[in-house]
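Heads up, the thing below is written out as structure tokens.
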Amino acid sequence: MADIIQLLPDHVANQIAAGEVVQRPASVVKELLENAIDAGASTIKLIIKDAGKTLIQVIDNGKGMSVTDARLSFERHATSKIRNAEDLFQLHTKGFRGEALASIAAIAHVELKTKQEQDDVGTSIVIEGSNVVSQDVVVTPKGTSVSVKNLFYNIPARRNFLKSNAVELRHIIDEFHRVALAHCDLGFALYNNGSETFNLPVSNYRQRIVNIFGTKTNEKLVPVEEDTEVLKISGFVGKPEYAKKTRGEQYFFVNNRFIKSAYLNHAIASAFEGLLKSGTHASYFLNLSVDPQTIDINIHPTKTEIKFDDEHTLYALLRSAVKHSLGQFNIAPVLDFERDASLDTPYDLKGKHTSAPTIEIDRTFNPFKDEVEPVQSKSFSSPSSGGASYKKQQTANWESLYVGLESKSNDFETETDFSEVQFESEETNASIFEDDSAVEQVNTTYQLHNKYIVSTIKSGMLLIDQHRAHQRILYEDFLKNITIKEAVSQQLLFPLQLHFSVQEIQILKQLKDDLEHTGFVFSNVLEEAVEITGVPVSVPESEVSIILEQLISDVENEVPDAHFSAADLLAKSMAKSLAIKTGQGLKKDEQEHLVNKLFACKEPNVTPTNKITFITMSVDELDKKFI
Ligand code: ADP
Ligand code: MG
């Protein structure tokens, strides 16, 4: 029997290959934009007509091609980007398969114009369905222009398969965004049917995002930055309250290449856990830089999927970097979306620590009194709060926050910055406030200008802003009290009558329940006055009117919105009024207590209004200053 196997003619082979590379106009856009970037262009123009069905043109000012290269570029497996198999593992270019131009030329009318800087004239080549129609010498600027007309003209089935112009244009714009986001150091423009749709000048990453997605985007972005040996992460995540119903604005770039990864997407989703309204998706724009040797881009013809050597590590690093950023920018407490805002506080304790039903709150200890009073712990459980319970941070417990962060119950373990922070005298610190005699042994704090508390930590030095730190401590205390509704009140000898306007009384009425949970007792609320018979233990009688006035003005200025409950505002306001001020001298034990209380907080690193409470300086950083 005669032999039957034949080699396919080139144009047929190219058409088959084209089916893999070019699914729709947007695929052509991607390939051409990537070629322009690989050619070292600094500005790239994309011109589209009829959603790419009539014309896709990319004009770059890159290095151009010689006559021979121009001709060769349309051959299948013709590439200037890799020479041997080893190069596949060292990729620094977008393309490397040498298939794109050959594939595109097999299924469209293509015109290439290109010129290298040193040449006076350039080359023009016209190819239709893999056949070279003409090749000429032309006058053309430095760089390359590729026009692709009548895509799929010779494959009617594919052409008919294309979606409406609106849909195809959407795909093109998506592709354009991806490339433009991956290269904010290059200028891009997109012209659609003769009008300029995007003009993206060279800028920083934030500006590029804003230029693409609109000025309002700016306020939504939370920066993410992480630099480790295996992975460098930079970019932004969107604040949870701006999360979208669609997955639109989710971008991963690995070594400046847009990729899709369900696995890494999951890492982000889990960093946002508990912060998103169900059915919404966080936006992100994240650039990951890894050693090209540790990834394999070759697994997919369109190269949006990638294989990492060590996915688990990337997952963990990514998740923790994002969590850290959300924590640092105090995004984490914004929790209430659809629940009753009045029930909700950032530290809604429902369902937390259910295995530890005791509540031990030290209500009598006042660190800012002259003498250190013996600590009296009051223990009670809280049946009314339906399993909600709060266990006071044991003094022995807080140190675990500094040491490797083993304490699983602390939600902020990856949000805070002190993973290497270790207190020097853990042993003695552990008992400072239970045992007076220990106080003398501890000598790790120092007050600077009655403003900062300096403390030694294993990695170096800790500098705490006393006023801000105390705000954080009081804020969490008040919130706890409001949530568990068990605050202890201090009876006043004589009822206090305070006068307010009718409108102010309205505001106080709204806050009355929450105020009572912090320890206020209102015996009478009149039209223009209130009578108070009890105040929270921590509030001196002389401050009551100031606190309430401050609170009213806070409410007026910052009407509690959907994200913050009245309880939260109340706690913030009272914390602000009552926090020790800058300029107040603190004794050693008061300083120590402040430090300990701060780090027993859920979010010690910022005040309730988002200002940082402390900074650390490592010995390394200090060493550098002494060079
Ligand atoms: P690949 O990008 O995988 O190498 P292509 O088919 O996309 O394959 O391009 C083939 C070759 O043509 C490239 O390797 C490059 O040398 C050259 N080339 C393509 N586009 C351009 C351009 N815009 N500027 C300069 N050279 C280009
Ligand atoms: Mg290419």
Inset, instruction - Any chance you could run the full-extension gain for LYS216 through TYR263? It's 0.36 nm times the residue separation minus the Cα-Cα distance, nm to one decimal. - result: 14.0 nm
Inset, instruction - Kindly rank 170-176, 496-502, 455-461 from highest to lowest mean number of other beta carbons found within 10 Å of each residue. - result: 170-176, 455-461, 496-502
Inset, instruction - Grab the other residues whose beta carbon is less than 13 angstrom from that of HIS517, score K and R as +1, D and E as -1, and report the net. - result: -3
Inset, instruction - Please give, to one decimal in nm, the separation of the simple spin-label points placed at GLU75 and LYS458, each 7 Å out from Cα toward the Cβ. - result: 6.2
Inset, instruction - Would you calculate the separation in nanometres between label points at VAL137 and LYS485, each defined as 7 Å from the Cα along the Cα-to-beta-carbon direction? - result: 9.2
Inset, instruction - Provide the net charge surrounding ALA105, with neighbours chosen by a C-beta distance below 12 Å and charges set as Lys +1, Arg +1, Asp -1, Glu -1. - result: -3
Legend entry - Entries in LYS163/LYS277; LYS244/LYS509; LYS277/LYS458; LYS232/LYS458 that, when Cα-Cα distance is taken, lie over 31 Å: LYS163/LYS277; LYS244/LYS509; LYS277/LYS458
Legend entry - Segments 23-32, 69-78 sorted - mean Cβ within 10 Å per residue, highest first: 23-32, 69-78
Inset, instruction - Determine the gain in length on full extension of the stretch ILE16-LEU496; use 0.36 nm per residue of separation and subtract their C-alpha separation, reporting nm with one decimal. - result: 164.0 nm
Inset, instruction - Provide the net charge surrounding ARG247, with neighbours chosen by a C-beta distance below 13 Å and charges set as Lys +1, Arg +1, Asp -1, Glu -1. - result: +1
Inset, instruction - Filter the cross-link list LYS53/LYS113; LYS142/LYS307; LYS480/LYS611; LYS480/LYS587 down to pairs whose alpha-carbon distance in this structure exceeds 32 Å. - result: LYS142/LYS307
Legend entry - Simple label model, 7 Å out from Cα along Cβ direction - GLU241 to ILE627, nm: 4.3
Inset, instruction - Take each of the peptides 595-604, 223-232, 45-54, average the number of other beta-carbon atoms within 10 Å over its residues, and list them starting from the highest. - result: 595-604, 45-54, 223-232
Legend entry - Segment GLN510-ARG170, extension gain: residue separation times 0.36 nm, minus the distance between their alpha carbons: 117.5 nm
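Values in this text are rule-based calculations from the coordinates and carry no lab data. Since this is a predicted model, take the numbers as computed values, not measurements. Don't worry about glycine lacking a Cβ; one is built from the backbone with ideal geometry, like all the others, and counts go over all protein chains shown.
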